[in-house]
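To keep things clear, I will list the structure first and then write my remarks on it.
The values are calculated or read from the model by the stated rules, or taken from the named source; none is laboratory data. Values in this document were obtained by computation on a predicted structure and should not be read as measured data. Ideal geometry is used to build each Cβ from the backbone, glycine not excepted, and the neighbour counts take in all protein chains shown.
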Amino acid sequence: MIYLFSICLGLILGSFFNVLIWRIPREESILWPPSHCPSCGNAIKPWENIPVISFLFLRGKCSNCKKNISWVYPFIELMTAICSFIICFFLFKQDISNLSWFSFPPLILQYLFLLLMLPVAVIDIKHYIIPDRFTLPLIVCGFLISFLPGDITPIQSLAGILLGGGTLYLIGWIGTAILKKGDAMGFGDVKLMAATGAIFGAKISLMSIVFGAFFGSVIGLTLIACKKLDPDHHIPFGPFLGAGIWLSIMAGDLILKTYCTYIEKITSF
Ligand SMILES: [Zn+2]
């Protein structure tokens, strides 16, 4: 039941994420006006707003002006649903009927944070920003919710904010000094890692930076090698950090343990 519910909730949240992806970089209200066609401004009727299904039913065209609707919309909805299912599978695998009411706000925040990595990545790819409207509320909520009994104490949350954000800031500062050009790292990335630390603690946020940097260098260098990207081009770091956060949550401890065992094996003679 919870898995079916997680897929439906993911579809609905994905539909809302499409609104965020369009409106937040344009500094528009996310509540008003109601959804409308970007081409003709025609208000979208409730039955045309059902995630994925309406897109198929309308054959990817606006019911009024017949202009094509981007496939990105149903794609985001579908991806959010898949991610929602994966999170529930990993995060809520313990029997939630045994949990106290206090355990739910941290779990819900972790769930929303992981899903929000999707619109954050899309906005960063399209506009090269990670808006404060995502990161600042997450930092504040993460810190406040750490006062409830749960995995993360307020001290751990605060340490996560300072170490997660601080480490990335330092890396950016060194990068700028070495490359001697503009800002190598945006402040949006720094705030994203502070939010990760606030919600999950310092360990996850520091692991995410390592994994994110690894993904970023591998894919960045591959693209440069394939001449798909010139070395001076700015690469958005948000999607890689998002992937790093996901990997840290899902398999961080396992990777760390395997790595340490391996190091011990090759260095013991
Ligand atoms: Zn239209």
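Overview of results
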| quantity | calculated |
| --- | --- |
| Unmet requirement for Asp253, which otherwise passes all of (1) surrounded by 12 or more Cβ atoms within 10 Å (Cβ to Cβ); (2) charged (D, E, K, R); (3) more than 25 Å from Cys88 (Cα to Cα) | (3) |
| Total residues in segment 60-108, condition part of a loop (DSSP other than H, G, I, E, B), exposed (fewer than 12 other Cβ atoms within 10 Å of the Cβ) and more than 14 Å from the ligand (Cβ to nearest atom) | 5 |
| Identity of the residue in segment 39-59, within 19 Å of Phe17 (Cβ to Cβ) and within 16 Å of the ligand (Cβ to nearest atom), that ends up surrounded by the fewest Cβ atoms within 10 Å (Cβ to Cβ) | Asn49 |
| Criterion violated by Leu118 - all others in (1) farther than 13 Å from Ile24 by Cα; (2) surrounded by fewer than 20 Cβ atoms within 10 Å (Cβ to Cβ) satisfied | (2) |
| Wholly enclosed helices (runs of 4 or more DSSP H) of segment 126-202 bearing at least 2 residues under 15 Å from the mean Cα position of the chain (by Cα) | 132-145, 187-200 |
| Residue in segment 3-21 that is out of contact with any Ser or Thr (no Cβ under 9 Å at 6 or more places or on another chain), assigned by TED's automatic domain parsing to the domain that holds Phe85 and either modelled with pLDDT under 90 or of a type in the set (S, T, N, Q) (or both) present | yes |
| Test result for Pro25, closer than 23 Å to Arg133 by Cβ, assigned to a loop (DSSP other than H, G, I, E, B) and either modelled with pLDDT of 90 or more or over 26 Å from the mean Cα position of the chain (by Cα) (or both) | yes |
